[in-house]
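J.: Before we start, here is the structure in question, set down as structure tokens.
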Amino acid sequence: MAIIVAGKLTLKPGTRDEFIQKAREAISQARELDACEDFSVSADPIDANRVNVFEKWNARRPLDEFKSSGPDNDSFSLVEAFDVHEYEINT
């Protein structure tokens with residue numbers, strides 16, 4: 001089984017670069033975990049106020065633990081809206 005987390009975040013105007021910079025710590029922490037096969041936050045090439053999120057995990061528990069203990073910063077104060085979902089797939 002794999003768990004895919006994918007979607008988009010709409011950010012406050014002009015804060016995309018700041019958000020991506022603040023996300024670097026979480027990205028690095030996630031990628032260090034054995035259960036995290038991929039974790040990416042990327043600037044959308046068309047919408048300057050959007051980032052795209054993609055994560056691939058090979059186990060539920062480490063994902064849940066990461067979500068509840070990620071780095072503390074104010075990055076989500078820059079988010080106006082989000083549309084991110086989890087998908088469990090058989091591999």
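J.: Taking all pairs of different Cα atoms in the chain, averaging 1/r and flipping that mean, what Kirkwood radius in angstroms comes out? Each step should come with its number before you reach the end.
T.: Details: mean 1/r = 0.0739 Å⁻¹.
It works out to 13.5 Å.
J.: Hey, in the GNM for the chain with a 10 angstrom Cα cutoff, which one of F66, F19, F39 fluctuates hardest?
T.: Result for the chain, Cα springs under 10 Å: F66 fluctuates most.
J.: Going 7 Å from the Cα of F54 along its beta-carbon direction, which residues of segment 15-29 have the amide nitrogen within less than 20 Å of the resulting point?
T.: Hits in segment 15-29 for F54 at 20 Å: 17, 20-21, 23-29.
J.: Would you mind checking which residues have amide H under 5 Å from F39's amide H? H placed 1.01 Å from N; only 5 or more apart, or other chain.
T.: Amide H neighbours of F39: K56.
J.: Expected output is a single nm value to one decimal: the length gained when fully extending between A26 and D64, i.e. 0.36 nm times separation in residues minus the C-alpha distance. What is it? The partial results should precede the final answer.
T.: On the way: separation 38, 0.36 × 38 = 13.68 nm, distance 1.39 nm.
Roughly 12.3 nm would be gained on extension.
J.: Ok, one more. In terms of Cα to Cα distance under 20 Å, which aspartates and glutamates are near enough to K56, apart from those fewer than 8 places away along the same chain?
T.: Result set, ordered by chain and number: E25, E32, D34, E37, D38, D44, D64, E65, D83, E86, E88.
J.: Find the relative contact order for the chain and round it to a whole percent, using C-alpha pairs within less than 8 Å whose residues are 6+ positions apart.
T.: Numbers: 163 pairs, mean separation 45.2, N = 91.
That works out to 50 percent.
J.: Name the residues whose placed amide hydrogens come within less than 5 Å of the amide hydrogen of L11, ignoring near sequence neighbours (fewer than 5 apart) on the same chain.
T.: R50, V51, E80
J.: For the chain, modelled as a Gaussian network with Cα springs under 10 Å, which listed residue fluctuates most, A23, A59, A43?
T.: Of the options given, A59 has the highest mean-square fluctuation.
A short reminder: the numbers here are calculations on the coordinates, not readings from a lab. None of the values given here were measured: they were computed from a predicted structure. In this analysis, Cβ positions are derived from the backbone assuming ideal geometry, glycine residues included, and neighbour counts consider all displayed protein chains.
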